[in-house]
Protein chains: 2
Amino acid sequence: METQDTTREKILIAARDVFVERGYDGARMHEIAARADVNKAMIYYYYNSKDALFESILKDSFKRFFAYFLVLKNIADMDIEKLIAAIIHAHIDFLEQNPYLPKIIFREIHSNNPVTSKVIREFFNQGFGEIVTQFVDKIDRASGNGNIRPVDSIQTIWNVVAMNLFYFMMKPIISVFSDRLNMDEKELLTRRKQAITDLVLNGLLPR
Amino acid sequence: METQDTTREKILIAARDVFVERGYDGARMHEIAARADVNKAMIYYYYNSKDALFESILKDSFKRFFAYFLVLKNIADMDIEKLIAAIIHAHIDFLEQNPYLPKIIFREIHSNNPVTSKVIREFFNQGFGEIVTQFVDKIDRASGNGNIRPVDSIQTIWNVVAMNLFYFMMKPIISVFSDRLNMDEKELLTRRKQAITDLVLNGLLPR
DNA sequence: GTCTATAACCGGATAGAC
DNA sequence: GTCTATCCGGTTATAGAC
């Protein structure tokens with residue numbers, strides 16, 4: 001459960017926040033303890049080291065991410081147009097509720113941090129690679145049928161994912177100038193979903 | 001000059017690499033010294049502190065980035081279709097030659113690192129904000145003319161930037177599975193540019 | 001399970017010789 | 001400009017009382 005008040009859970013949630021804000025190397029164990037409102041030694045009692053704590057968080061995050069993709073799998077027999085719209089909406093909704101996930105991954109991804117590499121590899125091998133393959137096939141078939149224009153399926157998937165992630169990656173920059181946007185996040189994300197869906201569907205459908 | 005062999009330059013280039021790989025907090029002054037093949041004390045001789053060194057790198061990077069946008073400014077009286085294609089190609093070419101820039105920024109962007117915030121703010125105030133405004137106007141006018149479909153101009157710009165950046169952000173993940181792509185980076189980026197241009201132009205042009 | 005005290009180490013920074 | 005030696009503060013981690 002997300003909001004269980006056990007010491008163990010409090011540490012995990014606090015640690016996630018601190019790792020997002022400071023990165024692995026910038027995160028301080030005493031700051032995690034302070035935010036979780038527990039004694040610093042308790043972190044070592046439940047998790048053995050900073051490394052092990054970080055790995056727990058990564059695994060937990062990927063588990064949520066995977067769960068989200070399973071939802072999409074169930075609707076994979078929709079027609080391609082509805083499927084793409086559903087993917088965009090589900091992905092952005094997920095990110096709205098789990099904004100820490102892309103942040104924490106992109107912070108560590110360039111490090112060759114062995115823990116990060118390991119967890120990503122496992123994630124791909126334990127089902128995610130399979131799901132991506134299904135999407136690729138789906139696009140290739142629609143492309144072959146003439147339901148959509150002929151496109152490079154992998155590039156297309158990258159494009160959708162890129163646009164979905166963008167706001168969550170850029171948020172710190174965007175919020176500096178958010179006064180110029182004058183709308184709240186909910187409104188902005190609604191527009192975002194609409195703009196992406198609009199571009200992709202119009203870009204893919206035969207002329 | 002990029003490849004000048006002065007001690008000062010060697011430090012800057014080595015530091016850039018180390019900051020990309022390890023982030024600000026993970027970067028070690030002795031590692032920078034080792035890679036630059038200079039004595040550690042020399043870093044403090046030329047740059048006064050880790051903080052000042054980092055700021056130099058950020059400023060240098062943004063200067064290059066700004067120079068790139070000035071090139072685009074000169075072609076802003078092209079028709080919208082050609083302009084968008086030019087932006088995508090120029091941006092990706094720039095990123096191919098300066099892949100460290102988005103990495104270093106996205107590593108620190110969630111930190112509220114005061115140096116990063118300051119440099120970004122200056123960058124926007126010293127001309128970049130102006131250029132973005134010009135693009136927004138350009139899209140709004142084309143949209144009004146009926147040259148392109150009615151779209152949200154800011155969302156559209158975000159979409160293009162998102163797709164351009166994607167490969168360079170995801171590279172560490174993509175390279176883990178690059179055997180499945182079986183093509184080299186040059187070929188891949190050519191396809192990437194083509195796929196993005198294709199999607200955006202088909203997505204924007206009136207049906 | 002919780003807390004205090006402290007060990008053991010490491011990294012940024014500087015002093016000062018050459 | 002370059003190098004060696006070293007200081008000082010802070011960080012992970014543990015020992016051990018309760």
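Read the figures in this text as sums done on the coordinates, not as results from a lab. Since this is a predicted model, take the numbers as computed values, not measurements. Because the Cβ atoms are built from the backbone with ideal geometry, glycine has one as well, and the counts that use them run over all protein chains shown.
Around B:Ala34, with a cut-off of 12 angstrom between Cβ atoms, what is the net charge of the other residues, counting Lys and Arg +1 and Asp and Glu -1?
That works out to +1.
Could you calculate the contour length gain from A:Met183 to A:Val115, that is, 0.36 nm times the residue separation minus the distance between their Cα atoms, to one decimal place in nm?
Residue separation times 0.36 nm, minus the Cα-Cα distance, leaves 20.6 nm.
For the cross-link pairs B:Lys63/B:Lys118; A:Lys171/A:Lys193; A:Lys193/B:Lys73, which exceed 18 Å when the distance is taken from alpha carbon to alpha carbon?
Beyond 18 Å: A:Lys193/B:Lys73.
Measuring nothing but label to label, 7 Å from Cα along Cα→Cβ, what are B:Glu9's distances to the other copies in nm, shortest first?
The projected label point of B:Glu9 is separated from its counterparts by 5.8 nm.
When every alpha-carbon pair in the stretch B:1-47 is counted, what percent end up more than 16 Å apart?
On the way: 318 of 1081 pairs.
That fraction is 29 percent.
State, as an integer percentage, the relative contact order of chain B based on alpha-carbon contacts under 8 Å between residues 6 or more apart.
Answer for chain B is 21 percent.
Excluding A:Ala85 itself, what net charge comes from residues whose Cβ is under 11 Å from its Cβ, given Lys and Arg +1 and Asp and Glu -1? Write out the running numbers ahead of the final one.
Working: positive: A:Lys82, A:Lys193; negative: A:Asp79, A:Glu81, A:Asp198.
So the surrounding residues net to -1.
With only alpha-carbon atoms counted, please give the Rg and Dmax of the stretch A:9-146, in Å.
So, for the stretch A:9-146, Rg and Dmax equal 18.1, 62 Å respectively.
What nm distances, shortest first, do you get from the label point of B:Gln97 to those in the other copies when the point sits 7 angstrom along Cα to Cβ?
Taking the point 7 Å beyond Cα along Cα→Cβ, the inter-copy spacings are 4.6 nm.
Treat each spin label as a single point 7 Å out from the Cα along the C-beta direction, and report the B:Lys82 to B:Val176 distance in nm.
4.4
At 4 °C and 1.567 mPa s, what whole-number value in µm²/s does Stokes-Einstein give for the translational diffusion of the protein assembly as shown, with Rh from the Kirkwood sum over Cα pairs?
It diffuses with D of about 56 µm²/s by this estimate.
Can you check what the net charge comes to around B:Leu189, using other residues whose Cβ is under 9 Å from the Cβ of B:Leu189 (Lys, Arg +1; Asp, Glu -1)?
0
Shortest first and in nm with one decimal, please list how far the B:Leu181 label point sits from its counterparts in the other copies (point 7 Å along Cα→Cβ).
2.9
Enumerate the calculated ³J(HN,Hα) couplings along the stretch B:6-21 in order (Karplus 6.51 cos²θ - 1.76 cosθ + 1.60, θ = phi - 60°), each rounded to whole Hz, writing x wherever the residue is Gly or Pro.
In residue order, the calculated couplings are 5, 4, 4, 5, 4, 5, 4, 5, 5, 5, 4, 4, 5, 4, 5, 6 Hz.
Which FRET efficiency value, to the nearest 0.05, do you get for B:Asp60 and B:Asp5 by plugging their Cβ-Cβ distance into 1/(1 + (r/R0)^6) with R0 = 30 Å? Present the calculation step by step, with values, prior to reporting the outcome.
Values: r = 17 Å, r/R0 = 0.57.
Here the calculated transfer efficiency is 0.95.
Express in nm, to one decimal, how much length is gained between A:Ile157 and A:Glu122 on full extension, taking 0.36 nm for each residue of separation and deducting their alpha carbon distance.
Full extension from A:Ile157 to A:Glu122 adds 10.5 nm.
Obtain the nm distance between the two label points defined at A:Asp37 and A:Val71 by a simple spin-label model: each point lies 7 Å from its Cα along the Cα-to-C-beta direction.
3.0
Can you give the Rg to Rh ratio of the stretch A:81-207, both from alpha-carbon atoms, with Rh computed by the Kirkwood formula?
With Rh from the inverse mean 1/r over Cα pairs, Rg/Rh is 1.01.
Could you give me the ³J(HN,Hα) list for the stretch B:192-202, computed from phi with Karplus coefficients 6.51, -1.76, 1.60 and θ = phi - 60°, whole Hz, x at Gly and Pro?
4, 4, 5, 5, 5, 4, 4, 5, 5, 5, 5
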